[in-house]
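*Asks:* The structure follows.
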Amino acid sequence: MNIIVVGSGGREHTICWKLAQSSLVDKIVVVPGNGGTAKESKCINVNPKDCDYIAEGENPCVAIAKHENCRMAVIGPEDPLAEGIADDFWKADIPCVGPKKAGAQLEASKDLSKAFMKKYGVACPGSETFVNKDAAIEYIKKHGAPIVVKADGLAAGKGVVVAATVEQAIGAVEDMMGNGKVGEAGKKLVMEDYLEGIEISVLAAVSVTPESALAGNATIVPFLPARDHKRLLDGAKGPNTGGMGAVCPLDDVTPKIMEQFDSDILQPTLNGLIKEKFDYRGFIFFGVMLTKTGPKLLEYNVRLGDPETQAVLPLMDFDFASMCTAILNGTLKDFEFKWKPGYQVAPVVVSGGYPEAYKKGCEITFNEMLLKQSGAKVFIAGAQTGRRGDSRKDNLLTSGGRVLACSAYGATFEEAWKHAYEGICGVKFENSFYRKDIGLPGAAESGKL
């Protein structure tokens with residue numbers, strides 16, 4: 001079977017790498033892909049700009065999927081899901097792993113998401129929504145700080161401010177709603193109560209349709225818990241980023257915590273998806289704060305997380321393509337999930353200057369011997385194939401802020417951590433930077449100011 005994967009980041013490279021391991025998969029068409037997917041087994045990158053067969057008004061990804069005889073689509077990022085790409089694929093009779101547009105609004109709109117949580121009793125922090133700047137500022141003055149200010153719409157990770165003071169919170173409102181810092185996403189703001197605790201990520205497979213709900217087969221199956229490290233610098237300091245690394249599983253997440261997560265967050269979410277009659281076949285990301293009173297949901301993402309995917313998928317001891325098929329045909333409830341019994345650590349290497357301005361076009365070199373000795377797998381995010389100077393061959397050149405993740409396995413956390421950082425020494429480019437403490441004590445994101 002041929003599969004189309006939509007996206008261009010490290011998450012998509014990891015998905016393609018995992019799909020390529022399946023005997024069910026013949027070819028993976030990646031739109032548009034990156035320098036990693038260009039070199040991955042069974043993969044070809046396709047840029048819609050190079051396709052003269054796309055009809056006017058036709059979804060380019062759907063047209064490419066038809067042209068390449070793809071029988072399944074897997075969507076990586078949130079933007080195309082929010083715009084309804086899954087609906088387009090299903091209309092073309094191409095089964096799509098990714099929720100249809102209605103369900104995708106759980107990430108696209110923070111206000112809708114919070115209303116969903118409250119309606120179905122999902123454990124979450126209290127919040128209020130505002131469309132008027134003065135009313136939002138007045139609320140902050142009465143509520144006090146700390147407080148969390150969230151843009152309603154998709155803002156590429158720049159729409160959340162955890163404000164330690166009233167002044168910071170008001171400044172965030174002025175930036176988002178007054179100065180248009182996050183564009184249309186900031187026309188509506190959600191003020192959320194601040195929670196103290198430690199964050200975790202739970203990715204999950206979802207298979208919910210009105211038909212599967214009637215048959216009693218609608219389900220959400222959580223993967224192993226993981227942790228993203230969002231701050232730029234060691235010790236969870238510095239500015240927020242798209243993610244500086246991830247670790248999976250987590251020794252501080254006990255079976256009791258996962259039982260609470262299931263009863264207070266996952267099951268109410270499943271009930272809500274069923275009651276709203278969503279066609280939600282894909283993945284969901286639960287951003288969770290572990291508090292003294294139990295886990296509380298901070299946000300939904302309607303896709304796999306990045307860089308959590310780079311730490312979670314390598315631990316899967318089952319066929320990823322078969323799982324995707326089970327998601328689509330309503331048999332996920334009976335699918336057997338097996339996990340490797342160790343740990344995966346995946347630090348991210350970024351361009352110097354990130355998350356602000358950074359240089360592009362730096363050549364990436366690899367010490368294959370070091371990488372082989374460490375057993376680490378490099379997942380490319382912000383890099384493309386290209387030529388530099390007098391080179392006659394295509395090399396990998398940096399094209400983004402988060403350039404790659406170096407993901408390694410170990411029977412123990414210590415072993416996985418050692419292998420990941422041994423591997424990372426085998427990857428070089430000008431002004432590269434990475435955190436040295438992914439997964440270590442004190443590195444975790446915490447709700448503690």
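*Asks:* Using the basic label-point model (7 angstrom from Cα toward the beta carbon), what is the Lys436 to Phe318 distance in nanometres?
*Replies:* 4.0 nm
*Asks:* Going 7 Å from the Cα of Thr165 in the Cα-to-Cβ direction, what parts of the stretch 222-241 have a backbone nitrogen less than 20 Å from that spot?
*Replies:* Residues passing the 20 Å test: 237-240.
*Asks:* Ranked by accessible surface with a 1.4 Å probe, highest first, in what order do Lys141, Lys114, Lys91 come?
*Replies:* The most accessible residue leads, giving Lys91, Lys141, Lys114.
*Asks:* To continue, here is another question. Within the stretch 351-377, find all residues whose amide N lies under 20 Å from a label point positioned 7 Å from the Cα of Asp79 along Cα-to-beta-carbon.
*Replies:* 351, 354-361, by backbone N distance to the label point.
*Asks:* Within the stretch 296-384, how many Lys pairs that are eight or more residues apart, or on different chains, come under 24 Å at the alpha-carbon?
*Replies:* Pairs that pass both the separation and distance tests number 4.
*Asks:* Could you work out the relative contact order of the stretch 150-238? I mean the mean sequence separation of Cα pairs under 8 Å and 6+ apart, divided by the number of residues, in percent. Working shown, then result.
*Replies:* Values: 98 pairs, mean separation 20.3, N = 89.
The value is 23 percent.
*Asks:* Under the rule a/c < 1.5 gives rounded, and otherwise a/b versus b/c splits prolate from oblate, where does the stretch 1-100 land using the Cα gyration tensor?
*Replies:* Rounded.
*Asks:* Okay, next question. Tell me, what is the 1.4 Å probe accessible area of Met1, in Å² to the nearest 10?
*Replies:* 60 Å²
*Asks:* Through the Karplus equation 6.51 cos²θ - 1.76 cosθ + 1.60, θ set to phi - 60°, convert the phi angles of the stretch 224-234 into ³J(HN,Hα) values in whole Hz; use x for Gly and Pro.
*Replies:* 5, x, 9, 9, 8, 10, 7, 6, 5, 10, 3
*Asks:* Suppose R0 equals 35 Å. What FRET efficiency, 1/(1 + (r/R0)^6) with r the Cβ-Cβ distance, do Ser263 and His143 give to the nearest 0.05? Provide the component values of the computation, followed by the final result.
*Replies:* On the way: r = 29 Å, r/R0 = 0.84.
Approximately 0.75, to the nearest 0.05.
*Asks:* Report ³J(HN,Hα) in whole Hz for each residue of the stretch 58-67, in order, from the Karplus equation J = 6.51 cos²θ - 1.76 cosθ + 1.60 where θ = phi - 60°; Gly and Pro get x.
*Replies:* 3J(HN,Hα) across the stretch 58-67, in whole Hz: 7, 5, x, 5, 5, 4, 5, 4, 5, 4.
*Asks:* Could you check the spin-label model distance between Trp339 and Leu233? Points 7 Å from the Cα along Cα→Cβ, value in nm.
*Replies:* Label at Trp339, label at Leu233, 3.4 nm between them.
*Asks:* Expressed as a rounded percentage, what relative contact order does the chain have, with Cα pairs under 8 Å and six or more residues apart?
*Replies:* Here the relative contact order equals 17 percent.
*Asks:* Hey, can you grab everything whose amide H is under 5 Å from the amide H of Lys230? Only 5+ residues off in sequence or another chain; H modelled, so Pro and N-termini drop out.
*Replies:* Amide H neighbours of Lys230, under 5 Å, 5+ apart: Met244, Glu445.
*Asks:* Would you mind computing, in nm to one decimal, how far apart the modelled labels at Gln21 and Asp134 are, each placed 7 Å from Cα along Cα→Cβ?
*Replies:* Reported label-point gap for Gln21 and Asp134 is 5.9 nm.
*Asks:* If you count only protein heavy atoms and use a 1.4 Å probe, how large is the accessible surface of Met369, to the nearest 10 Å²?
*Replies:* Using a 1.4 Å probe on the heavy atoms, I get roughly 130 Å².
*Asks:* Right, next: As I understand it, the dipole of the chain uses +1 on the Cβ of Lys and Arg and -1 on the Cβ of Asp and Glu, about the Cα centre. Which of Tyr343, Val160, Cys362 lies farthest toward its positive end?
*Replies:* Cys362
*Asks:* Still on this structure, please answer the following. Along the stretch 100-115, what does the Karplus equation 6.51 cos²θ - 1.76 cosθ + 1.60 (θ = phi - 60°) give for ³J(HN,Hα), rounded to whole Hz, x for Gly and Pro?
*Replies:* Result, ordered by residue: 5, 3, 4, x, 5, 5, 4, 9, 5, 10, 5, 5, 4, 4, 5, 5 Hz.
*Asks:* Take the alpha carbon gyration tensor of the chain, find the square roots of its eigenvalues, order them as a ≥ b ≥ c, and report rounded if a/c is under 1.5; if not, report prolate when a/b exceeds b/c, else oblate.
*Replies:* Verdict is rounded for the chain.
*Asks:* Around Val253, which amide H atoms from residues at least 5 apart in sequence, or from another chain, sit under 5 Å from its own amide H, with H modelled in the peptide plane?
*Replies:* Under 5 Å from the amide H of Val253: no residue qualifies.
*Asks:* Using alpha carbon centroids, what distance separates the stretch 242-286 and the stretch 43-68, in Å?
*Replies:* 34 Å
*Asks:* Could I ask something else about it? Taking H placed 1.01 Å from N in the peptide plane, check which residues at least 5 places from Val5 or on another chain put their amide H under 5 Å from its amide H.
*Replies:* Sorted by chain and number, the residues that satisfy this are Val29, Val30, Val31, Val74.
*Asks:* Stretched out fully, how many nm does the piece from Lys359 to Lys418 gain, at 0.36 nm a residue minus the Cα gap?
*Replies:* Working it through step by step, the gained length comes to 18.3 nm.
*Asks:* Relative to a virtual label point 7 Å from the Cα of His67 in the Cα→beta-carbon direction, which members of the stretch 32-50 show backbone nitrogen distances below 16 Å?
*Replies:* Residues 32-33, 44-50 fall inside that zone.
The values are calculated or read from the model by the stated rules, or taken from the named source; none is laboratory data. Remember, it's a predicted structure, so these values are computed and weren't measured experimentally. Note that each Cβ is placed from the backbone with ideal geometry, even for glycine, and that neighbours are counted across all protein chains shown. Only protein heavy atoms, including side chains, enter the accessible area calculation; ligands, DNA and RNA are left aside. Shrake-Rupley method; radii C 1.70, N 1.55, O 1.52, S 1.80 Å.
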